[in-house]
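A short worksheet on the structure shown next.
Nothing in this text is a laboratory measurement; each read-out follows from the coordinates by a stated rule. Every value quoted in this text rests on a predicted model; they were computed, and no experiment measured them. Positions of Cβ are backbone-derived with ideal geometry, glycine not excepted, and every protein chain shown enters the neighbour counts.
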Amino acid sequence: MVKVFSNKPTVAFLCLLAAIFYFGPAENSASAERKAGVQTPIKSAAEQSTIVGRIAYYTITREELEKRLMTELHPYDYENNSGQAEPADAKSVLMKMIAEKAMVIEARAQGYLNKEDIRSSVKRFKERRLVNLLLQKYIQGKVTVTENEIKQRMQADPKLDEARAKALIERTKTNKILDRYYSRIYAKSGVMKLNQNFPKVIKLHDRLLRNPKQPRKASWIQTSQVREELTQSEKDIVLARYNSGKITLKNWFDALCEIVPPRRPRDLNTPQGVNNLLERALRMPLLVSEAESLGLDRDQEMLTQVRDYEDRRLLSETRAVKYKEVTEPTTEQIIAYFGQNKESFGTSKSLKIDLIWCQDLKTAKQARAALDSGKDFESVRQQYSPQKEGKPFNTHPGSEGLFWKDLWAGDPNQIIGPVKGFYRQGISWRIVKILEKTPGQVKQYSSDMDSRIRSRIMSERSKALITRYGNELLKKYPYQIYADRIKDIDPLNIP
């Protein structure tokens, strides 16, 4: 009997193949995943649980708050040498999230979505999600891999293990299926190229490449040049038409800018080079047209993801605009700030530690008792920890955050714990052995520290400005928080 392996490739695998399919094989895997928009699926409204806050048409769920609260607990200022980090609380984080929603609402009202870079970015994101849906729908159930095929592939390349061999076979088969599918879409789309406009493309490409209006460090055409240095009439030059649309010079340059500069075609000074890139530029709109004809543009999860992406872009743009209002500190202010925060600019305190992670407090207490009874550290780790491998390492206030004070209270050759610490994406219990303890050293001010001090001041001023702006908007847009639903949220309260 022939054994058939999984005929349902993972979503991430399909997204990666989709990216390779419509962007071409020249991109590496990481780039392809980014272009494919691979991300954790967003829950639909029906799946969301208790609402803990709302403002206008936005709601924030308990799950969203807990996830954000955990993120806020992790250190973000790794240059902070003071070790004075304080834990974030549920209410303050919820208010921060609501203020961010207010900024997004205001950005929509101010027409930020009409900015060309944001509009283009959102359009690309939506198109990629649509094409992913289309290709996943088409390929699902069509790829099978047999045990014999895997054996043959491993025999041809002994360096492959079973999983890698299976993945390569899946990729090859999927690409063949998708190529045939795209050929059918292309054939029925009525593509007609306007070759007479190719000389204009060559001329404009040469202009942007060799004679940019603004000096640039890079030797290649940048996205900003396409946006700012081409006239609207030049952007609108039509290079191809198809049943439901057209490809313009702007689309052609967008396709060029999608390619990592070292891998961009070097024959774009020829009609054939222009045509080859035009073929690449046609892929996305033809696939999008097919997806829309099947009604995939009404998929609610996809629409939610697009809306979420819009919000992220709007919040980012709001911050960028507001940051421009931040004033640079004077030399006097830089010196005064250093005088008030000397410890932050000196040599950081550090500890060399070894540790035993435990799955819960009960296990941590058992591990500590075993150590107190005389068992050696390594044997206790093997017995009680889910993480069997470990070795001493150096840690600092900026990486331990609010847990630093527990560790710094210990002395060399002392065992601390059970104490909490950051473990992977959460918090867990640990037993810590202090091996070395190095106090920080305060430095004297010198002018070569100015850029670092200025950066810290600007960062603090930017955060303060955004906080003030958010609070101002909360006076404009009514909001509501449900205090009774968040009073028991404490990410530090682990079993």
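Using r as the Cβ-Cβ distance of GLU86 and ARG119, and R0 as 45 Å, what FRET efficiency do you calculate, to the nearest 0.05? Between GLU86 and ARG119 the formula returns 0.65.
Taking a ≥ b ≥ c as the square roots of the eigenvalues of the Cα gyration tensor, the stretch 60-189 is oblate, since a/c reaches 1.5 or more and a/b is not larger than b/c.
At 1.567 mPa s and 4 °C, plugging the Kirkwood radius over alpha-carbon pairs of the chain into Stokes-Einstein gives what diffusion coefficient in µm²/s?
47
Projected label points at LYS391 and THR172, each 7 Å from Cα along the beta carbon direction, are separated by 3.9 nanometres. Counted residue by residue at 0.36 nm each, then reduced by the alpha carbon distance between them, the extension gain from GLN232 to ALA336 reaches 32.4 nm.
With the simple spin-label model, which puts each label point 7 Å out from Cα in the Cβ direction, the GLN152 to ARG266 separation comes to 3.8 nm. Once backbone amide H atoms are built at 1.01 Å from N, LEU194 has ALA240, ARG241 as its partners under 5 Å, excluding neighbours fewer than 5 places away on the same chain. Length available on full extension from GLN359 to CYS257: 0.36 nm per residue minus the Cα-Cα distance, which gives 31.9 nm. For the stretch 208-243, the list of trypsin sites (Lys or Arg not before Pro) that fall in a loop by DSSP and count at most 11 other C-beta atoms within 10 angstrom reads LYS213, LYS217. The residue list GLN155, GLN225, TYR181 was ranked by how far each Cα lies along the charge dipole of the chain toward its positive end, using unit charges on Cβ atoms, and TYR181 comes out on top. Farthest towards the positive end of the charge dipole of the chain, among the residues ASN471, TYR423, ILE118, is the Cα of ILE118, using unit charges on the Cβ of Lys, Arg, Asp and Glu. Rounded to the nearest 20 debye, the dipole magnitude of the chain is 1420 debye, with +1 charges on Lys and Arg beta carbons, -1 on Asp and Glu beta carbons, and the Cα centre as origin. Which of rounded, prolate, oblate describes the stretch 186-339, given a ≥ b ≥ c as roots of the alpha-carbon gyration tensor eigenvalues and a/c under 1.5 marking rounded, otherwise prolate only if a/b is larger than b/c? Because a/c hits 1.5 or more and a/b fails to exceed b/c, the stretch 186-339 counts as oblate. Could you tell me the calculated FRET efficiency between ASP179 and LYS200, based on Cβ-Cβ distance and R0 = 22 angstrom, to the nearest 0.05? Calculated transfer efficiency: 0.10. Here the 3J(HN,Hα) profile of the stretch 356-367, calculated from phi with Karplus coefficients 6.51, -1.76 and 1.60 at θ = phi - 60°, is 10, 7, 10, 6, 7, 5, 4, 5, 4, 5, 5, 5 Hz, Gly and Pro shown as x. The helix-based estimate of mean residue ellipticity at 222 nm for the chain, built from -39,500 (n - 2.57) per DSSP H run of four or more residues and divided by its residue count, is -17000 deg cm²/dmol to the nearest 500. Tell me, what is the FRET efficiency for SER451 and ASN413 to the nearest 0.05, using R0 = 51 angstrom and their Cβ-Cβ distance as r? My answer for the efficiency is 0.80.
Modelled spin-label separation between ARG461 and LYS188, with each label point placed 7 Å from Cα along the Cα-to-Cβ direction: 6.0 nm. Counted residue by residue at 0.36 nm each, then reduced by the alpha carbon distance between them, the extension gain from LEU492 to TYR323 reaches 57.5 nm.
Farthest towards the positive end of the charge dipole of the chain, among the residues LEU402, GLN214, VAL52, is the Cα of GLN214, using unit charges on the Cβ of Lys, Arg, Asp and Glu.
Amide hydrogen proximity for ILE416: with H placed 1.01 Å from N in the peptide plane, the residues at 5 or more positions away or on another chain lying under 5 Å are VAL432, LYS433, ILE434. Cross-link reach is defined here as a Cα-Cα straight distance under 23 Å, omitting same-chain residues fewer than 8 places apart; for LYS405 the lysines meeting it are LYS342, LYS349, LYS352, LYS362, LYS365, LYS391, LYS420, LYS433, LYS437, LYS443.
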